[in-house]
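The values are calculated or read from the model by the stated rules, or taken from the named source; none is laboratory data. On a predicted model such as this, the values are computed, not experimentally measured, just so you know. Positions of Cβ are generated from backbone atoms using ideal geometry, with glycine treated the same way; all protein chains shown enter the neighbour counts. Note: accessible area is taken over every heavy atom of the protein model, side chains too, but ligands, DNA and RNA are not part of it. Shrake-Rupley method; radii C 1.70, N 1.55, O 1.52, S 1.80 Å.
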Amino acid sequence: MQNRQSQAIITIIDSINETTMPYNEFILYRCKHYPHEKQIVLLTGYDILIPKERIPKSIEIHIVGKNPLKLRKELKRIITALENNEIHWLIHLHSIRGAFSMLIGMIGLGYRRHTIYSIHSTYTGYRFYNKILCAYDVLASNFTTCVSKVSYSKLPSWIKSIKGKNIMPLQNGVNTERIDDAETLKEHPILPPIIKFVYVARMVALKNHRFLIDVLSQVPNKDNIKFVFIGAEDKNGKIREYAKEKGVIDNIEFSGLIQREKVYSLLPTYDVYISSSTLEGLPVSVLEGMYCGLPAVLSDIPQHKEVSNGCESVRILPYDTHLWAETITELSNTDQTKLRAMGEACKMHIRKHFSLSHMHQQYDELYAQIRKA
């Protein structure tokens, strides 16, 4: 009986860090659940930003940068070795610029038919330059997936017309097993309770932390309210300064970037998940918060509507600070037993509609098509 790996996934991403979706939801997941696969990662952007000892030794990592000639040379070497060992392979591209460099570098090699490119954000939110690169990536790769139905709908019709059946929405999911492994039981708070509203997002303009600070400043009684911001802070500390200007700094906990498993352990200790984001591909952090048993208050964008999909424990609100302040006040005065029941409904909703296992079953079918190409 042969124990060797029979298939290799060559993944092209910019970097590996705590929040890299392709690394966490694709590479790590398949490393655990698909032992017959060899996971090979080509980093086209930055160095590894998490401790190397936390990366499974079975994952083969190459730091190559974005030089098309260097990418071409390294890819040829890797594929030659795989074919010499009779291992089937395919190339999964996850980053706009890295995919562009790789697709340019592999011209003439006959590798295109073995490629799949995944769009992880929304085309209409890209800068002009990235729109051009994205369009090329879509057209130059064999198959293209979009991580949400909204992401697919926002692509130009001419691109979808050219790609035809080789482009499709394939919703991303949440790694429920990984969360269950890390999750801790929620402790009963000491009365009077502090109701904590948590937001997991790096502090960039698209995530709209300033809006939440404006909301908090309009809440009339903040004595039992705390906003918790988890994620890398802006380099100049302008978000903290803005919170000071608005007089709400004492009601905000800045946690910084935290190891992913620790985030999963912390989320159940909070009460409500909030997101004021203005643009997403599919908001994985929202899915994770809901799966950890938190009701959610989300900004009125199509991606959040896709996630909530009729779940009554999710509030979708327009960018109206007064309306948000009223909702925050209402939830802060809600009995915690009711909040936990609302959170449990969110967890069941995510388990039913957004499991990572279901996502990978669909990718298995797509990968099989690529092997036959």
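Order 201-214, 326-339 from most to least packed using the mean count of other Cβ atoms within 10 Å. Write out the running numbers ahead of the final one.
Values: 201-214: 19.1, 326-339: 15.3.
Per-residue mean Cβ counts within 10 Å order the peptides as 201-214, 326-339.
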(request) For I258, list long-range residues whose amide hydrogen, built 1.01 Å from N in the peptide plane, is under 5 Å from its own amide hydrogen. (result) G231
(message) Going Cα to Cα from K244, which aspartates and glutamates come in below 18 Å? Please leave out same-chain ones fewer than 8 positions away.
(response) D214, D223, E233, D234, E253
(request) Find how many whole Å separate the alpha carbon centroid of the range 275-313 from the alpha carbon centroid of the range 6-60. (result) 26 Å
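Sum up the charges of everything whose Cβ sits under 12 Å from the Cβ of H304, counting Lys and Arg as +1 and Asp and Glu as -1, but leave H304 out. Don't skip to the end; give the middle numbers.
Values: positive: K305, R315; negative: E280, D300, E306.
Net charge in that neighbourhood comes out at -1.
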(request) Would you kindly derive the ³J(HN,Hα) couplings of the range 102-112 from the backbone phi angles with the Karplus curve 6.51 cos²θ - 1.76 cosθ + 1.60 (θ = phi - 60°), listing them in order in whole Hz, with x for Gly and Pro? (result) 5, 5, 5, x, 8, 4, x, 8, x, 8, 3
(message) For the range 313-362, report the % of Cα-Cα distances exceeding 15 Å.
(response) 61 percent
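Averaged per residue, what accessible surface does the chain expose to a 1.4 Å probe, in Å²? Please list the in-between numbers first.
Working: 17100 Å² over 373 residues.
With the other protein chains kept in place, the chain gives 46 Å² per residue.
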(request) Would you kindly derive the ³J(HN,Hα) couplings of the range 357-363 from the backbone phi angles with the Karplus curve 6.51 cos²θ - 1.76 cosθ + 1.60 (θ = phi - 60°), listing them in order in whole Hz, with x for Gly and Pro? (result) 4, 5, 4, 6, 4, 5, 5
(message) Just to be sure I understand the curve: with the Debye formula and one point per C-alpha of the range 250-373, what is log10 I(q)/I(0) at q = 0.11 Å⁻¹?
(response) -0.44
(request) Work out how far the C-alpha atoms of the range 46-138 reach from end to end along every principal axis, then list the three figures in whole Å, largest first. (result) 42, 37, 21
(request) Sequence neighbours fewer than 8 away in the same chain don't count; with that in mind, list the lysines whose C-alpha is under 20 Å from K347. (result) K186, K196, K262, K305, K338
(message) Show me, for the range 15-25, the HN-Hα J-couplings you get by feeding each phi into the Karplus relation (A = 6.51, B = -1.76, C = 1.60, θ = phi - 60°), rounded to Hz, glycine and proline as x.
(response) 7, 10, 8, 4, 10, 5, 4, x, 5, 6, 8
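Taking the Cβ-Cβ separation of E261 and Y46 as r and a Förster radius of 25 Å, what is the calculated FRET efficiency to the nearest 0.05? Mind showing how you got there, number by number?
Values: r = 22 Å, r/R0 = 0.87.
With R0 = 25 Å, the Cβ-Cβ based efficiency is 0.70.
Round to the nearest 0.05 the FRET efficiency obtained for Y34 and A81 when R0 = 25 Å and r is the Cβ-Cβ distance.
Details: r = 20 Å, r/R0 = 0.79.
For R0 = 25 Å, the calculated efficiency reads 0.80.
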(message) For the chain, place one equal point scatterer on every Cα, skip the solvent, and apply the Debye formula. What is log10 of I(q)/I(0) at q = 0.08, 0.09 Å⁻¹?
(response) -0.43, -0.54
(request) Could you pull out every one of the lysines with an alpha carbon less than 19 Å from that of K165, ignoring same-chain neighbours closer than 8 positions? (result) K149, K154, K372
